[in-house]
Amino acid sequence: MKNWAKLMLAAAGAALLLAGCAGPRYADVAAKIPPLEPQNGRLYFYQLASAAGEAAAEPAIMVDGRKVGRSKPARFFFLDRPAGTVSLALAERTSQSGALSVPLSVPLSVPLSVPLSVPLAAGQTRYVRVEIENGRQVLRQEASEEVALQSMADLKYWGAGWRDREKLRY
């Protein structure tokens, strides 16, 4: 009987832990996202759910040559940047071990995909989707805010694991 109780307690703890990692959906946190500072623009990065599920690649996202986060299927995150043109790229993974496909002599801040230049005006919000094209993941700027918001409504917030990403209290 004691083993059964320990097993049930462990299962409940694991379920609670997993529920905490799931994160809230965009629709649930949209009202809690802080307003932009006047001199900044906002970038949302998102990836729709993939047929590959959790096995889908999770490339690092680079902004102006600096890693700001990792793309995950069915997740989004955002960050604020000073107005100006920003350069976005993916650092692709090539092996199951997760090693980046970068020679040791190349700094990890070097983008490994074709950069996407995005003009960002003060007070402006841009939406960037990670999608698959010809078997490779690429960044695409969403032309329509309405389409982006509809796509993101059920996506989960992918936290503030990097110093540039915004923290939310939810």
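What follows draws every value from the coordinates through simple rules; no lab data is involved. Note that the coordinates shown come from a computational prediction; the quantities given were computed from them, not determined experimentally. Note that each Cβ is placed from the backbone with ideal geometry, even for glycine, and that neighbours are counted across all protein chains shown.
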* With r as the distance between the Cβ atoms of residue 87 and residue 153 and R0 = 22 Å, compute the FRET efficiency 1/(1 + (r/R0)^6) and round to 0.05. => 0.20
* Asked: When Lys and Arg each count +1 and Asp and Glu each count -1, what net charge do the other residues less than 12 Å away from residue 28, Cβ to Cβ, add up to?
  -> +2
